[in-house]
Amino acid sequence: MKRPILITAFLFLLLACQEKEKQGLTQIKQVLNQTKSTQQEESKGQIVANKLANTIPLNEDQLRDAFPKRINDLAVDDRITVIGQQIIGNFGNHKITLSVMDASGINSQAAAHFLDSYSYNKDEFSEGFKIIRKERNGIKTTSDYYINTGQSEIRFLFRDRYYITLANNNTLIQMTPDQLWDSFDVNVLANFR
């Protein structure tokens, strides 16, 4: 009599263990699927970077042709420098510096970094220095502001392709980031398509 009870108890335990094992495997599969779908979701920055990685960058002549000749009442200084996929020029006798980097091809991760860091990082303040993330005229910008010297630098992504840096690097012309932005007309970048 004991033997059939032991066999029945053993079978019952075996079935219970198998059921628990199935539940455990099901839960593991669910966690793996959730992890897999989370990993497959790309950030906006990575989506833009993937598109730009397959885009042919502008050549030196195209960069020079697209670069603005004036920013409001400030004419471009004589020397414009092209380094790879980046063009840099000063305006109004070095009052304002404009840099345009074509973030296509091998520079595509610069676009991803800007977009993703804008979304995840917060404004930072310390004595004499601020990092400010602000949307200006519908454009996401990140600014560095050196309070003591009045120097500002604004970075933004134009048309999800061109990484722009605008700066006032003459300490005689002190500007907050808002003043620097107001002195700039984004329409001067219209030739960068």
### Task
Provide the gained length on full extension for the span PHE125 to GLN62, in nm with one decimal, where the gain is 0.36 nm per separating residue minus the Cα-Cα distance.
18.8 nm
### Task
Note down the relative contact order for region 86-193 as a percent, whole number, built from C-alpha pairs under 8 angstrom at least six residues apart.
24
### Task
Sum up the charges of everything whose Cβ sits under 13 Å from the Cβ of LEU74, counting Lys and Arg as +1 and Asp and Glu as -1, but leave LEU74 out.
0
### Summary
Net charge (Lys, Arg +1; Asp, Glu -1) of residues whose beta-carbon lies under 13 Å from that of GLU135, GLU135 excluded, is +2
### Percent accessible area from carbon and sulfur atoms, region 134-190, protein chains only, probe 1.4 Å
44
## Note on the structure
Net charge near VAL48 (other residues with Cβ under 10 Å of its Cβ; Lys, Arg +1; Asp, Glu -1) is 0
### Task
For region 130-163, run through the trypsin sites (Lys or Arg not before Pro) and keep only the ones in DSSP coil with at most 14 other Cβ atoms within 10 Å of their Cβ.
ARG159
### Task
Just name one of ALA103, ALA49, ALA167: the one whose Cα is farthest towards the positive end of the charge dipole of region 44-189 (beta-carbon charges, Lys/Arg +1, Asp/Glu -1).
ALA49
### Extension gain (nm, one decimal) between ASP73 and ASN191, 0.36 nm per residue minus Cα-Cα
40.6 nm
### Message
Restricting to Cα atoms and excluding each atom paired with itself, what does the Kirkwood estimate give for region 44-189 in Å?
### Response
15.7
## Note on the structure
With label points set 7 Å from each Cα along the Cα-to-Cβ direction at HIS94 and ASP178, the distance between them in nm comes to 3.0
### Query
Once the whole set of protein chains is in place, how much accessible area is left on HIS113, using a 1.4 Å probe, in Å² to the nearest 10?
130
### Summary
Once the dipole of region 94-193 is set up from charges on Cβ (+1 Lys and Arg, -1 Asp and Glu), the residue from the list ALA112, ASN191, HIS94 lying farthest towards its positive end is ASN191
### Query
Taking only protein heavy atoms and a 1.4 Å probe, what accessible area per residue, in Å², does region 44-189 have with all protein chains in place?
53
### Query
Ranked highest first by the average count of other Cβ atoms within 10 Å around their residues, in what order do 72-78, 120-126 fall?
72-78, 120-126
### Message
Let me confirm the definition first: pairs of Lys residues in region 44-189, 8 or more apart or on different chains, C-alpha distance under 20 Å. How many are there?
### Response
9
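The values are calculated or read from the model by the stated rules, or taken from the named source; none is laboratory data. Since this is a predicted model, take the numbers as computed values, not measurements. Every residue, glycine among them, receives a Cβ derived from its backbone with ideal geometry; neighbour counts consider all protein chains shown. Side chains included, ligands, DNA and RNA excluded: accessible areas come from the protein's heavy atoms. Shrake-Rupley method; radii C 1.70, N 1.55, O 1.52, S 1.80 Å.
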